[in-house]
Structure formats: structure tokens, C-alpha cells
Amino acid sequence: MNKILTFILIFLTFSCIDNKKEKEIQPEEVVKSKPIKTEKNIFDFVFRDIKEIEYFSNFEVGTSSVINFEKSKWEYAISEMQNKQKRIIILEKIVETGKPEKKFQILDTIHINNFKTNEFMSFGVCQNNEKADSRIFTVIESSENDFDLEIYTNIKKAWKANLETKKIEEISDISGVNCMNESYGI
């Protein structure tokens, strides 16, 4: 009888040790069993129509302009999206497709909200210190005699697309910034 009890005791001891080893989880197994889920943001999409991005489905496309500055020829664009009083200005990379229809990818955005009724945006037709610069866009305060102005000088705020950093930067000194009135002489 002692031999049987000893045998059972040894059997149970080894069974518990083996069972404990089976329950240990290897670090590699944890990574494999839980896949990492990443969600795309607006900067991850390449699109033909910006409304393909769900975030912009309730926005209207405002003004857009291709940036044609120094060595950068037809590589970047600035677009304005509007929804009521919200405006989002977008710096986009023009993606070559090998077809006439190019695609786009968002590089940077800024939000410009709470426009007054006498304010509007100007894109691609501005200059700084008498040098044309299609990277500049502005908020301009209009007046009653705007139809007679060839150049808008009542600039409230201005930004520039930095093509090296791929970011939109505010222009702190706007004293030399002005924009052409595209309706002048019509």
C-alpha cells in the first residue's frame, strides 16, 4: 500500500509541474494573437476627389490653386474646403498617375473659422515685397470700392506653404503682402 501511495504522490507532483509549464505564455505568442489595428487619418489617403475622404463629405470645395514657385512645378496645390463658417485650408501633394487625371495627398491643414461677411480668401495671386509667390494665401477685408482696385492691400492675415517642410506657416510680417484682384477690369 505504501508503494501505491508513493507512486500516486510522485505522479501528482510531476503532473502539476508539467501543467504549470503549459500555462506559461511566450512573448511571441502574445504579439501573434493580438493584431495591432491602425486607423487611417486624412494624411494617409491618396485620392482623386477629396470627398472620397469621409471627413470632408459635408464640405464644399472652395478655391484651389496649383503652386508654381521657383523649382516646384505642378507638384503641390492649396485647396479650401468650406462648411458653413468653417474653412479648412489644405496643402496637397499632386501625385502622378501616368494619366491626365492626377491624384492628391494631404500634407498639412489649417482651420480658419468665423469669417466676417466682408472677408474673403485669396490664393495663388499674391506677392510679398513685390515678388509673386503662389505659395501665399490670405484673408482680405473687402470694401465698397473693391471693383476699382487692381491690387488688394487690406490683408488681415497671410500664410505660406513651406515646400521644404511640407507645412503651412503663418507670415508674421504682412506689411509687404498684397494680392491681385482677379476681377479687376471685367
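Since every read-out is calculated from the coordinates, none of them should be taken as a lab result. Here the structure is a predicted model, which is why all the values come from computation and not from measurement. Here the Cβ is made from the backbone with ideal geometry for all residues, glycine too, and neighbour counts use every protein chain on show.
Name the residues whose placed amide hydrogens come within less than 5 Å of the amide hydrogen of residue 142, ignoring near sequence neighbours (fewer than 5 apart) on the same chain. Those lying under 5 Å, H to H, from residue 142 are 119, 120. Once the Cα-Cα distance is subtracted from the 0.36 nm per residue extended length, the residue 101 to residue 58 segment shows a gain of 13.1 nm.
On the principal axes of its alpha-carbon atoms, the range 42-180 has extents of 43, 36, 26 Å, going from largest to smallest. Sequence-distant contacts, meaning Cα pairs under 8 Å at least 6 residues apart, place the relative contact order of the range 42-180 at 18 percent. Over the range 39-88, the alpha carbon radius of gyration divided by the compact-protein estimate 2.2 N^0.38 Å works out to 1.30.
For residue 86 and residue 180, the FRET efficiency from 1/(1 + (r/R0)^6), where r spans their Cβ atoms and R0 equals 30 Å, is about 0.70.
Length available on full extension from residue 173 to residue 70: 0.36 nm per residue minus the Cα-Cα distance, which gives 34.9 nm. Once you reduce the range 79-98 and the range 122-179 to the center of their Cα atoms, the two points are 18 Å from each other.
For the range 120-137, backbone nitrogen atoms closer than 20 Å to the point 7 Å from residue 164 Cα along Cα-to-C-beta are found at 128-129, 131-137.
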